[in-house]
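Working notes for the structure below.
The values are calculated or read from the model by the stated rules, or taken from the named source; none is laboratory data. All of these numbers come straight from a predicted model, not from anything done at the bench. We place every Cβ from the backbone using ideal geometry, glycine too, and count neighbours over all the protein chains shown. Calculation scope for accessible area: heavy atoms of the full protein, side chains included, ligands and nucleic acids excluded. Shrake-Rupley method; radii C 1.70, N 1.55, O 1.52, S 1.80 Å.
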Amino acid sequence: MTRFGARLAGEVAAHGPLCAGIDPHAGLLAAWGLADDAAGVERFGRTVVEALAGHVACVKPQAAFFERHGSRGVAALERVIADARDAGLLTVVDAKRGDIGSTMGGYADAFVGDSPLAGDAVTVSPYLGFGSLRPVLDLAAAHGRGVFVLALTSNPEGASVQHAVGPDGRAVARAVAEAAAAENAGATPFGDVGLVVGATVGAAVTDLGLDLEAVNGPLLAPGVGAQGATAADLQQVFGRARRLVLASSSREVLAAGPTATGLRDAAHRTADAVRAALAL
Ligand SMILES: O=c1ccn([C@@H]2O[C@H](COP(=O)(O)O)[C@@H](O)[C@H]2O)c(=O)[nH]1
């Protein structure tokens, strides 16, 4: 079994450091001529997978846009994940789950276990304490899957929690980064426990004393495109940790659909800009 980190490193080397989001917003569904229902989000997601398999390192379906259609929407998400698996395209299921450890075991089963909702990796929230993530970290490792832990999110509201300084004098985000680093110690080319660090966070990484190079795990960087960050911002935010960066862009790429050519061209353009900005 090849671990997630090793598989991701291979895909990034082949296709560039871009994870394309699959976010079937109501507005995008309308623009693509699709209904805002479970069938519409399924067609949307499957179209993106078909267009981008073999062209990007991974895709990131946003669970919320499928869940808003209830059980049929969840079934659509399962179908999109299955298509990606069949096409050899890595998936990061953006579910941002987090709960007390015993319940986290349920989420672990759902997203990194044997369930049809399991992709290659899942996003999780550490704000019930990093230790509450133990079930998902352990199950992901047992299945060769990955976990992306929210550290410095791309939204401005995140700072009120993530920049707060704990009793040990460390910012919350720094404590999260150090806990992830401990999970990845010694892994090559890097480990399976990544962080989410927005491309929009400016100088926060430096100001809060995060050593992202030491994390030695993939750094998922949303915010490129619709949220205003540019590829050039990645160099400033990530500095010496740039080999770990996996930029994420959803709306900007998706707006170029629904044709396969439009989606591919937009994804290639973004991946090329990211690669150039990071001097990879
Ligand atoms: O800090 C975060 C974590 C996740 N996201 C997710 O990314 C997309 C938005 O991407 P756009 O390129 O801005 O369309 C969406 O699924 C978010 O939940 C994020 O934006 N920031």
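Which residues, counting only those in the range 111-125, are within 25 Å of V172 (Cα to Cα) and surrounded by fewer than 21 Cβ atoms within 10 Å (Cβ to Cβ)?
Result: S125, single match.
Give all pairs with beta carbons closer than 9 Å in which a residue from the range 87-104 that is away from the ligand (no atom under 16 Å from the Cβ) meets a residue that is acidic (D, E) and modelled with pLDDT under 95; count only pairs at least 6 apart in sequence or on separate chains.
none
I'd like the full set of residues that are within 16 Å of the ligand (Cβ to nearest atom) and of a type outside the set (A, V, I, L, M, F, W, C), limited to the range 117-133.
G119, T123, S125, P126, Y127
Provide a single number: the residues in the range 207-255 that are acidic (D, E) and open to solvent by less than 60 Å² (accessible area, probe 1.4 Å).
Of all residues in the range 207-255, those acidic (D, E) come to 207, 211, 213, 233, 252.
Retained after the next criterion (residues that are open to solvent by less than 60 Å² (accessible area, probe 1.4 Å)): 233.
Number satisfying all stated conditions: 1.
Restricting attention to the range 217-251, which residues are charged (D, E, K, R) and either near the ligand (Cβ under 8 Å from one of its atoms) or in contact with a Gly (Cβ under 6 Å, 6 or more places away or on another chain) (or both)?
The one that is charged (D, E, K, R) and either near the ligand (Cβ under 8 Å from one of its atoms) or in contact with a Gly (Cβ under 6 Å, 6 or more places away or on another chain) (or both): R251.
Can you say whether H69 is over 17 Å from D23 (Cβ atoms) and either at pLDDT below 95 or open to solvent by 10 Å² or more (accessible area, probe 1.4 Å) (or both), as far as the supplied structure shows?
no
Which ones in the range 199-216 are within 16 Å of the ligand (Cβ to nearest atom), over 18 Å from the mean Cα position of the chain (by Cα) and not small (G, A, S)?
Within the range 199-216, V205, L208, L210 qualify.
Looking only at the range 45-61, count every residue that is within 14 Å of the ligand (Cβ to nearest atom) and in a loop (DSSP other than H, G, I, E, B) and tell me the total. Please lay out each step first, then the result.
Taking the range 45-61 as the starting set, the residues that turn out to be within 14 Å of the ligand (Cβ to nearest atom) are 45, 48, 56, 58-61.
Then keep just the ones that are in a loop (DSSP other than H, G, I, E, B); that gives 56.
Counting residues in the range 45-61 that are within 14 Å of the ligand (Cβ to nearest atom) and in a loop (DSSP other than H, G, I, E, B) gives 1.
Name the residue that is farthest from the ligand (Cβ to nearest atom), counting only residues in the range 18-40 that are under 30 Å from R243 (Cβ atoms) and not in a loop (DSSP other than H, G, I, E, B).
That would be L18.
Listed residues A57, A76, A108, A95; which is among the hydrophobic types (A, V, I, L, M, F, W, C), under 16 Å from A140 (Cα atoms) and crowded, with 23+ Cβ neighbours inside 10 Å?
Going through A57, A76, A108, A95 in turn, the sole match is A108.
Of these, V136, V147, V176, which one is within 16 Å of the ligand (Cβ to nearest atom), of a type outside the set (K, R) and either under 21 Å from T91 (Cβ atoms) or surrounded by fewer than 16 Cβ atoms within 10 Å (Cβ to Cβ) (or both)?
Testing whether each residue is within 16 Å of the ligand (Cβ to nearest atom), of a type outside the set (K, R) and either under 21 Å from T91 (Cβ atoms) or surrounded by fewer than 16 Cβ atoms within 10 Å (Cβ to Cβ) (or both) leaves just V147.
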